[in-house]
Structures are given as structure tokens and as C-alpha cells.
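Student: Just passing along the structure, written as C-alpha cells.
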Amino acid sequence: MPRFRPLFTTTVWTALAVLVLPAHAADPSSGGATYQRLCAQCHGSRGVPVLPVAPDFSAPTALMKGDGALLAVIRDGRGAMPAYQGQLKERDMLDVVAHLRTLRGRR
Ligand code: HEC
């Protein structure tokens with residue numbers, strides 16, 4: 001039934017995409033490794049800032065902004081916060097944001 005093959009192929013790829021794509025959702029554990037390597041020196045390993053002007057990610061009111069706004073700060077930098085565009089991929093930045101969300105209220 002060669003006539004049905006294209007439909008079959010599309011169905012298989014769609015099913016594969018549905019199965020595989022959730023594994024690519026932001027990964028807080030990969031983000032945690034990046035955070036400890038690049039961010040903890042200022043933001044503290046648990047989000048309590050080492051650098052006094054850095055925001056406290058462990059505060060219950062921290063990180064009320066959306067992922068896009070946080071991503072923009074990580075990408076472009078702000079004040080004493082360095083820009084990571086070119087150094088981190090978009091995916092790595094999203095993983096770090098997912099990790100940041102685990103720090104809130106932990107203190
Ligand atoms: C050299 C010190 C330093 C390093 C390294 C650093 N930051 Fe920052 N970060 C800051 C400072 C200072 C601010 C506050 C900037 C401002 O508003 O003036 C900040 C702000 C932020 C904000 C904005 C928070 C908000 O509520 O608006 C995010 C998100 C952030 N940093 C994430 C990161 C991530 C992720 C990394 C590592 C990839 C990182 N930072 C590395 C110093 C640093």
C-alpha cells in the first residue's frame with residue numbers, strides 16, 4: 001500500500017516527537033551544574049547572594065518575573081550582572097532558569 005506510506009511516515013514522526021520532546025523540557029539538574037559553575041560566585045550556591053547587590057533568589061518573594069524576563073537578564077546582563085549570550089546556549093539558559101525556580105523559599 002504505497003499510497004498510505006506518506007501518511008504512515010507522518011504519523012510515526014509525530015508519535016516520536018510526542019515521545020521524545022518532553023525529555024527536552026528545561027532540565028533543572030543540568031541548570032544546577034551551570035549555576036554552580038558560573039553563577040554561584042555572585043548569587044551563592046543556594047541563592048543567598050554573595051555579592052550584596054545581587055538579588056536574593058532564596059527569598060519567598062524572589063523571581064516573580066516570567067522565564068522570558070529572567071532569560072533576557074541572563075542573555076543581555078544588567079548592571080553588575082554579566083551577559084551570557086555567546087557563552088551559554090538558549091537551552092542552557094532555560095535550564096538555569098528552571099534551577100533558579102528551585103531556590104525560592106529554600107532558606
Ligand atoms: C559578577 C556577579 C554575577 C554573576 C557571575 C552572575 N550574576 Fe546574576 N546578577 C548579578 C547582579 C549584581 C544582579 C542584579 C542586577 C541589577 O538589577 O542591577 C543580577 C541579576 C540577575 C537576575 C535578575 C533577577 C531579577 O529578579 O530580575 C538573574 C535572573 C540572574 N542574575 C541570573 C544569573 C545567572 C543564571 C547567572 C549565571 C549564568 C548569573 N546571574 C551570574 C550578579 C551576577
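The values are calculated or read from the model by the stated rules, or taken from the named source; none is laboratory data. Note that this is a predicted model, so its numbers are computed, not measured. Quick reminder, even Gly has a Cβ in these numbers, built from the backbone with ideal geometry, and neighbours come from all protein chains shown. For accessibility, only protein heavy atoms count, side chains too; no ligands or nucleic acids. Shrake-Rupley method; radii C 1.70, N 1.55, O 1.52, S 1.80 Å.
Student: Compute, for region 17-107, the length of the dipole vector about the Cα centre, with Cβ point charges of +1 (Lys, Arg) and -1 (Asp, Glu) only. Units Debye, rounded to 20.
Tutor: 240
Student: Right, something else. Return one whole number: the accessible area per residue of region 25-103 in Å², for a 1.4 Å probe.
Tutor: That works out to 55 Å² for each residue.
Student: Using a simple spin-label model with points 7 Å from Cα along the Cα→Cβ vector, what separation in nm is obtained for residue 89 and residue 45?
Tutor: Taking the simple label geometry, residue 89 and residue 45 are separated by 2.8 nm.
Student: Ignoring ligands, DNA and RNA, what percent of the 1.4 Å accessible area of region 25-103 is carbon and sulfur?
Tutor: Numbers: 2570 of 4310 Å².
So the carbon and sulfur contribution to the accessible surface is 60 percent.
Student: Report residue 99's accessible area, 1.4 Å probe, all protein chains in place, as a number in Å² to the nearest 10.
Tutor: Only protein atoms counted, so the area is about 20 Å².
Student: Using the Karplus equation 6.51 cos²θ - 1.76 cosθ + 1.60 (θ = phi - 60°), what ³J(HN,Hα) coupling, rounded to whole Hz, does each residue of region 32-49 give in order, writing x for Gly and Pro?
Tutor: These are the phi-based 3J(HN,Hα) values: x, 5, 4, 4, 5, 6, 10, 10, 4, 4, 9, 8, x, 5, 10, x, 7, x Hz.
Student: By its C-alpha gyration tensor, with a ≥ b ≥ c as the square roots of the eigenvalues, how is region 25-103 shaped: rounded for a/c under 1.5, else prolate for a/b larger than b/c, else oblate?
Tutor: rounded
Student: Under a point spin-label approximation (7 Å from Cα along Cα-to-Cβ), what is the residue 9-residue 102 distance to one decimal in nm?
Tutor: 4.1
Student: For region 54-60, just list the computed ³J(HN,Hα) in residue order, Karplus coefficients 6.51, -1.76 and 1.60, θ = phi - 60°, integers in Hz, with x standing in for Gly and Pro.
Tutor: Along region 54-60, the couplings run 7, x, 8, 6, 8, 5, x Hz.
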